[in-house]
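Reading through the structure tokens given below for one structure.
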Amino acid sequence: MADGSWKGIVDRDAFVLRPSARHLSVEAYSDDHEAKSRLLKYLRASDDLKTIHARLSEDEVIARGISRVDGLRLVRIPSWECIVSYVIATNSNVKRISRMVDGVATRFGDIVHEELHSFPSWKQLREASVEELVGCGLGYRAKHIHALCRTIDDGVIDRMGALPYEELRRELRQLPGIGDKVADCVSLFGFGHLEAFPIDVWIERALKRLYGATGSYAKLRGFAARRFGEYAGYAQEYLYHNERRLYKDGRCAFSQV
DNA sequence: GCCCAGGAGTGTG
DNA sequence: CACACTCATGGG
């Protein structure tokens, strides 16, 4: 795929937590090969969407979504940034999550360009006090982040990168502030396990509305694994964005079932 | 002023 | 196993 065709895709429909990341475009980094390489990894540029779409189109509901939700991509967020971001994200809303994560970056990260700050490394964030984190608007999540910085380090995260999905999920579930949903988000977006299927309130709604599927997290997770298999993460992304769109303005790529 | 938000932790039946 | 309750705080 030519570089130019990527421009604006992140802004349109890919999953982003930080508003600053929406300004990324491959063209802007044409002279910086390292930055360009990072961006292409972030965009999961090497994913074979034809194969993924073909597999997921075996499900008629997802097939309709794929044909109508143009340009959707799943992104690969750096592991540490992803872990912290999703612990912060619990029981909040997208707009506020963006503000909280950007607040943490502004307070503890490095300046990379004018007002733009990088996400703080583990070493940088572990210097943050609970009070400072509360000051970033994290509320009760502040103590989770503080504890998280004292439970794991860069070495632990590197080791996690070598684990298969189920084992990684078990490890993540033992960390402060990480339960079923966050463990699956981190497995998917932060470690690239495409079979992970995070179930939040929107996905729960979509599964009930489109498939009549209800029940516990474990039960719904089993349903998704059987139905969507190794690319369940992509199916989740289509279901999520479609469900949000339905509630936002009534437009829905999937027909009511 | 109310309910909800890309839930997790803890306690109880 | 399933529920019920609490946790800070902002968005709508």
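The values are calculated or read from the model by the stated rules, or taken from the named source; none is laboratory data. Since we're looking at a predicted model, the values are computed, not measured. Please note: Cβ atoms are built from the backbone with ideal geometry, for glycine as well, and neighbour counts cover all protein chains shown. Each accessible area value is taken on the protein alone, full model and side chains, heavy atoms only, with ligands, DNA and RNA left out. Shrake-Rupley method; radii C 1.70, N 1.55, O 1.52, S 1.80 Å.
Hey, any hits in segment A:79-98 for a residue that's away from DNA strand B (no atom under 15 Å from the Cβ) and touching a residue at least 12 places away in the same chain (Cβ under 8 Å)? Yes; the residues of segment A:79-98 include at least one that is away from DNA strand B (no atom under 15 Å from the Cβ) and touching a residue at least 12 places away in the same chain (Cβ under 8 Å). Of the residues making up segment A:63-84, none is closer than 24 Å to residue A:161 by Cβ, buried (at least 21 other Cβ atoms within 10 Å of the Cβ) and within 16 Å of DNA strand C (Cβ to nearest atom). One residue stands out in segment A:154-195 among those that are more than 14 Å from DNA strand B (Cβ to nearest atom) and within 11 Å of the chain's Cα centre (by Cα): the one that is nearest to residue A:240 (Cα to Cα), namely A:192.
Among the helices (runs of 4 or more DSSP H) confined to segment A:139-257, the ones with at least 2 residues that are closer than 30 Å to residue A:124 by Cβ and among the charged types (D, E, K, R) are located at A:141-151, A:154-160, A:165-173, A:180-185. Taking segment A:40-56 as the range and being among the small types (Gly, Ala, Ser) and surrounded by fewer than 15 Cβ atoms within 10 Å (Cβ to Cβ) as the test, the residues that pass are A:46, A:54. Given the structure, is residue A:244 open to solvent by 30 Å² or more (accessible area, probe 1.4 Å) and modelled with pLDDT of 85 or more? Taking the combined requirement at face value, the residue does not satisfy it. Once segment A:91-111 is narrowed to residues that are of a type outside the set (A, V, I, L, M), more than 8 Å from DNA strand C (Cβ to nearest atom) and over 22 Å from residue A:156 (Cα atoms), the residue that is most open to solvent (accessible area, probe 1.4 Å) is A:107. Selection of first residues in segment A:35-46 that are within 19 Å of residue A:112 (Cα to Cα) and of second residues that are of a type in the set (Phe, Trp, Tyr), restricted to Cβ pairs under 7 Å at least 6 apart or on distinct chains, gives the following pairs, ordered by first then second residue: A:35/A:29; A:36/A:29; A:39/A:29. Exactly one residue out of A:114, A:131, A:127 is open to solvent by 60 Å² or more (accessible area, probe 1.4 Å), farther than 20 Å from residue A:77 by Cβ and within 16 Å of DNA strand C (Cβ to nearest atom), and it is A:131. Test residue A:107 against the stated conditions and say whether it is among the basic types (Lys, Arg), more than 13 Å from DNA strand B (Cβ to nearest atom) and closer than 24 Å to residue A:45 by Cα. Here the answer is no, as residue A:107 does not meet what is asked.
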